[in-house]
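Notes follow the structure.
The values are calculated or read from the model by the stated rules, or taken from the named source; none is laboratory data. Nothing here was measured: the structure is a model prediction, and the numbers come from that model. Note that each Cβ is placed from the backbone with ideal geometry, even for glycine, and that neighbours are counted across all protein chains shown. For accessibility, only protein heavy atoms count, side chains too; no ligands or nucleic acids. Shrake-Rupley method; radii C 1.70, N 1.55, O 1.52, S 1.80 Å.
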Amino acid sequence: MRKLAITPVRVSGAALIAVAVAMLLSAIVALVDGGGGAIGLLLSALIAASLGATLFFGSRVSPSADSALAFASVAWSWLAVSLVGAIPFLLTGVITWGRFDDAIFESISGFTCTGSTIFSDFSVIPQGVLFYRSLTQWLGGMGLVVLAVAVLPALGIGGLELIASEAPGPTADRLSLRVRDTARRLWILYGAATSVVAVALFVVGMSAFDAVTHAFTTVATGGFSPHADSIAHFDSFLIEIVIIGGMLYAGANFSIHWRALKEGPGAYGRVSEVRWYLWLIFGCFGLLVWINNGELGWFENVRESLFYAASLGSNTGFGSSNYVLWMPAAHVALLLLMLVGGMSGSTAGGMKVLRLQVIVRYSLRELRRARHPNAVIPIRLGRTTIEEQVAAKVVGFVLLYLGLIVAGGITLTGLGVEPVTAFSGAISAVGNVGPALGEAGPTSNFLSFPRSGRLILMVLMALGRLEVFPAMLMLVASIRGVGQIRRRAANHDFKAG
Amino acid sequence: MTPRPPVRINAPALVLRVMANILQGPKILLTKVANGQIESSVGVTVGAVCVVMAPVLFISAAADFWNRGDDGVELLILGLVVGLIGLAVLGVSRFPSGLPVARLFVAFVAGAFASLIVATAAHYFSSAVTSLDVAVAEAASTVSGTNASVIQAETLSLGITLFRSLGQWLSAAAIIVVVVRIMPHLGVGGLDADGGVVTRSARRLAPKSGSTMIRLLALYAALTGVLLVAYGVAGMSFVESLVHAFTTISSGGFSTRSGSIGAFGSVAIEWIAICGMVIAGTSLPLIFRALQQKDMSRFGRSVEFRAYVGLIVAAVVTTLAWSSQWPNESNVREAVFSVVSAISTTGFYSSELRSTAYGAESILLILMLIGGMSASVAGGFKVIRLMVLGKYIRRELRRSIHPAMVEKIHLGRSSIGDVAMSRIIGELFLAIMIILPMAMLFSADGLNFKAAFSFAISSLSNVGFAFGLDRTDQHLQALGAIGHIAAAMMMMIGRISATPVFVALGGIGEPAQREIRRLRLRRKQKVIR
């Protein structure tokens, strides 16, 4: 049989096989638990595996490999995984077929590490499905890219473009000369961090199931919890401390974590982005404590403020209380955290601290230039000078990011959603946070949005995760690819004729 | 002997000549008086502002005496004091022979804040205001052309009403002067942040920038006259027509009634206000050229005007589509009124916007942010900058596909340079950096989240009305003293742009920064030794 030379199809196939494995693991959990859902998960795994195998073995890698193709491969695999990832919710019956779009919403929310949910009653959902939900975030967290990078040599295309498109942020540091080694190291670090968080959560009093699922979604900065009231369900300060530590760690650049392991904690101090990241989170924490002073008891105030500063600053979205009831000024601080998100090269979403640094420096540079029109002032981040072209790219991204939020917010309000809920929902979706403000707070779900509104949120989540540009490249590469296939077919017909 | 051809009196030329003669007076006064010992651009600017404000206070005092109001004496005394201070400051100051850009920024900002201080004093000494923070907020609304007020318009004396509307009119006239005479030298922020496209086109109206300024001011005065007549014909009293003509054409938004234009309950007045607001948001050089050459197709040829009208039409259609009612004349008029009021940053309202659909609310907020055309008297970010940003995003998207691509950004026939591009982007980010903390401050000072955010945007864009409370004009009232001062600063920054304010503030801290740098250098040298 003649295989089609379409790289995105082959990568998507590989990704689907990985998802099938996740479904299989969840089916095993469901079988062990005995709470149902095992057959649905097994069937889903079968469908995903057969679909993935068909795509993987039915196609081969394109001879020409450029960055656009690599970006397109990632974007298409995301789309495939998000669609197929919805099947378990439907086959296990936790979401009816009539609401298939809600299943896709939950799946996209999982794989994009957003953490927004449409579930309200978690007691009726089988443990296997809850485990699968957490696993989708864990897989999405580091991105299926690491998995894809592991099979990339077989695929035959360069991997660094893929990491750059997958690992959120403007840069993906090379930890090794070989891309496969870089991927492997990141994978090891990610797995190790998950294990440490899981063990720590177990030690401080969570059940094994809760510890594992929460570890998955903490390190992935996803925010799904098997409980409707999220971390507030445990009402344990120790658990919150572990989760805060996990979120702060996952919201920072994994390359720096690796360096810190090799060179000692001094590696953190050398990176200006780490300082900004911590300043932002702890600055907002101080602000929240100040604003909530008098509204909450001092211990409660410190505890909740710290939790939400870390949860929203790393774009995880776990909840320990209902911040919607806080003072409106606190909501502005929370919104700022949601907007900026974690560090580049982390699993967190959002605009990224590095980009915030660039635009602040950029604006200050313009102020200085206004004062001294003939001065040549470079944009510096720590000891690094940012090239003009890189700064332009960052600025372009930020403008597009803000434009996306505005467009999403306006459309949602047009659908009848209250403006605070709509705009914060758009910020939360694009930044892959999870909870928003207004009617979509941490204790409520996204059913408060109309059906068409949830569709828009899905698009925003996907665009936010793919950082907008790869999504566009996906379209361009796909159009180009279709054109190439047509031309080849025409040539084939001509020769045959 | 051949007979002389009869002299034809051309009305526009006559207006121009009269305006030139009127403006010659202050110019001669400035050159004669400002001849002191101290070379200070700030002194000359502040003195000139005081000298210009004094007649406004006298006119307002005269009107109040004529109407037997309560504030005539206060306004007269204040006028005398301000005039004398202005003359004294001018007397000791002299315009410096060489003026660095940084000093020009400081002078520009100092002039704006001098007018704020005079307007604050006028409000504070009148019977309408009891506290200083309210006086500052009301003065900022007057000077910046924002329709945000704590006071019931009906309770004001005629003198203060006239002072407020004349203040809004004059501040917009000052913007014209700034566009033509100052912005080309500053080259950043404000209306020149489009890369000089506007100021270049404005400069081309006449060989000398002074003549251009006179032409634009004459046009501004003529348009005010037309509106005065139109409002009068539509049924307003003379004083009301005058006040509304002043505040419509300047995109100020103050009214003689607390219900704004809607309080008149007249369809004709509303349509006149709509036309006036559209004109206020349109580029004055563009109007001047179109009228001068009797070529209305100029409007169609302007890319920015097409975008401006396109935005209005799109916003009206979307607002109507998202409203729960079937569109009729009343709904359409209401939608057009709100949209035009928001984009021209006038701030008039024809009805309470409480029942407006959520979608329409967010559209109005975005329009407030965008604002009118460049070289208009409207506030906001300006349509041309939005267009440039759109082109910039498109270029970056294309660059992500073709990384080696070199593409220049063009707008119509103008090419936007990278430096100008950076200025526009810097201005936008600065605006965002101002809105966020101010929204936080407003919400800490008593507004709910929606009201705080919408009022932060509204005050920075010099609109006035906002959402989230029972009434559209209640926001300033709901704030405390800190909120009033913060709102006043927002309005001022909105009027004079963020860049000049920050640069001027940076100038204050410059000696300290220099010292810190020196200390660091010394410490480094010690370490090296």
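Scanning region A:348-375 for residues that are at the interface with chain B (Cβ under 7 Å from one of its Cβ atoms) and either at pLDDT 85 or above or part of a helix (DSSP H, G or I) (or both) returns A:ILE359, A:TYR362, A:SER363, A:GLU366, A:LEU367, A:ALA370, A:ARG371. Within region A:376-396, the residues that satisfy the criterion of being more than 8 Å from every other protein chain (Cβ to nearest Cβ) and within 24 Å of the chain's Cα centre (by Cα) are A:VAL390, A:ALA391, A:VAL394.
Each row is one residue, and each column tells you yes or no for (1) at pLDDT 75 or above; (2) within 22 Å of B:VAL383 (Cβ to Cβ); (3) out of contact with any strand residue (DSSP E or B) (no Cβ under 6 Å at 6 or more places or on another chain).
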{"residue": "B:THR146", "(1), (2), (3)": "yes, yes, yes"}
{"residue": "B:GLN152", "(1), (2), (3)": "yes, no, yes"}
{"residue": "B:LEU158", "(1), (2), (3)": "yes, no, yes"}
{"residue": "B:GLY167", "(1), (2), (3)": "yes, no, yes"}
{"residue": "B:ILE176", "(1), (2), (3)": "yes, yes, yes"}
{"residue": "B:LEU186", "(1), (2), (3)": "no, yes, yes"}
{"residue": "B:ASP192", "(1), (2), (3)": "no, yes, yes"}
{"residue": "B:ALA206", "(1), (2), (3)": "no, no, yes"}
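A quick yes/no check of all residues on (1) open to solvent by 10 Å² or more (accessible area, probe 1.4 Å); (2) assigned by TED's automatic domain parsing to the domain that holds A:TRP187; (3) farther than 19 Å from A:PHE318 by Cβ:
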| site | (1), (2), (3) |
| --- | --- |
| A:ALA86 | no, no, yes |
| A:ILE95 | no, no, yes |
| A:SER109 | no, no, no |
| A:THR112 | no, no, no |
| A:SER123 | yes, no, yes |
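Entry remark, region B:419-449: residues being more than 8 Å from every other protein chain (Cβ to nearest Cβ) and more than 23 Å from the chain's Cα centre (by Cα) number 2 in total.
Would you say B:LEU104 is modelled with pLDDT under 85, within 14 Å of chain A (Cβ to nearest Cβ) and outside any helix (DSSP H, G or I)? Against the criterion (modelled with pLDDT under 85, within 14 Å of chain A (Cβ to nearest Cβ) and outside any helix (DSSP H, G or I)), B:LEU104 does not qualify.
Please determine whether any residue of region B:373-392 is facing chain A (nearest Cβ under 8 Å), of a type in the set (A, V, I, L, M) and crowded, with 18+ Cβ neighbours inside 10 Å. Spell out the reasoning first.
Residues of region B:373-392 that are facing chain A (nearest Cβ under 8 Å), as a first pass: B:389, B:392.
When the remaining residues are screened for being of a type in the set (A, V, I, L, M), the result is B:389.
Checking which are crowded, with 18+ Cβ neighbours inside 10 Å leaves us with B:389.
The answer is yes; a qualifying residue exists.
Residues that are among the basic types (Lys, Arg) and closer than 20 Å to A:TYR362 by Cβ: does region B:410-423 have at least one? Break it down into steps so the answer makes sense when it comes.
First, the residues of region B:410-423 that are among the basic types (Lys, Arg): B:413, B:423.
Among the residues that remain, those that are also closer than 20 Å to A:TYR362 by Cβ are: B:423.
Yes, that holds for at least one residue.
This table checks each residue for (1) away from every other protein chain (no Cβ under 11 Å); (2) among the β-branched types (Val, Ile, Thr); (3) in contact with a Leu (Cβ under 8 Å, 6 or more places away or on another chain).
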site	(1), (2), (3)
B:LEU320	yes, no, no
B:SER323	no, no, no
B:ASN328	yes, no, no
B:ASN331	yes, no, yes
B:VAL336	yes, yes, no
B:THR346	yes, yes, no
B:TYR349	yes, no, no
B:HIS402	no, no, no
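If you go through region B:356-372 and pick out every residue that is more than 14 Å from chain A (Cβ to nearest Cβ) and open to solvent by 20 Å² or more (accessible area, probe 1.4 Å), you end up with 0. For B:ARG517, the conditions (1) on the phi < 0 side of the Ramachandran plot; (2) open to solvent by less than 40 Å² (accessible area, probe 1.4 Å); (3) more than 10 Å from chain A (Cβ to nearest Cβ) all hold with the exception of (2).
Checking each residue in region A:325-347 for being within 10 Å of chain B (Cβ to nearest Cβ) and of a type in the set (Val, Ile, Thr) picks out only A:VAL332. Looking only at region B:478-494, residues that are under 14 Å from the mean Cα position of the chain (by Cα), small (Gly, Ala, Ser) and open to solvent by 10 Å² or more (accessible area, probe 1.4 Å) come to 1 in all. Against the conditions (1) in a helix (DSSP H, G or I); (2) free of Cβ contacts under 8 Å to residues at least 60 places away in the same chain, A:MET338 satisfies every one except (2).
In this structure, does A:VAL417 turn out to be closer than 28 Å to B:GLY468 by Cβ and at the interface with chain B (Cβ under 8 Å from one of its Cβ atoms)?
On the way: closer than 28 Å to B:GLY468 by Cβ: yes; at the interface with chain B (Cβ under 8 Å from one of its Cβ atoms): yes.
Yes, satisfied.
When A:ASP210 is tested against (1) open to solvent by 20 Å² or more (accessible area, probe 1.4 Å); (2) free of Cβ contacts under 8 Å to residues at least 40 places away in the same chain; (3) not small (Gly, Ala, Ser), just one condition goes unmet, and that condition is (1).
For B:VAL406, the conditions (1) assigned to a helix (DSSP H, G or I); (2) surrounded by fewer than 20 Cβ atoms within 10 Å (Cβ to Cβ) all hold with the exception of (1).
Here A:SER314 passes the criteria (1) in contact with a Gly (Cβ under 7 Å, 6 or more places away or on another chain); (2) surrounded by fewer than 24 Cβ atoms within 10 Å (Cβ to Cβ) except the one numbered (2).
A:HIS492 satisfies every condition listed in (1) more than 14 Å from every other protein chain (Cβ to nearest Cβ); (2) closer than 29 Å to A:GLY319 by Cα except (2). Restricting region B:84-103 to residues that are surrounded by fewer than 21 Cβ atoms within 10 Å (Cβ to Cβ) and within 24 Å of the chain's Cα centre (by Cα), the residue that is farthest from B:GLY506 (Cα to Cα) is B:VAL101.
Can you name the residue in region B:42-76 that is over 28 Å from the mean Cα position of the chain (by Cα) and within 17 Å of B:ALA121 (Cα to Cα) and, of all such residues, is modelled with the highest pLDDT?
Taking region B:42-76 as the starting set, the residues that turn out to be over 28 Å from the mean Cα position of the chain (by Cα) are B:65-70, B:73.
Add one more test, that the residue is within 17 Å of B:ALA121 (Cα to Cα), and what stays is B:70, B:73.
On the way: B:ASP70: 85, B:VAL73: 92.
If we take residues in region B:42-76 being over 28 Å from the mean Cα position of the chain (by Cα) and within 17 Å of B:ALA121 (Cα to Cα), then B:VAL73 is modelled with the highest pLDDT.
Among the criteria (1) under 29 Å from A:ILE188 (Cα atoms); (2) surrounded by fewer than 24 Cβ atoms within 10 Å (Cβ to Cβ); (3) modelled with pLDDT under 90, the one A:LEU296 does not fulfil is (1).
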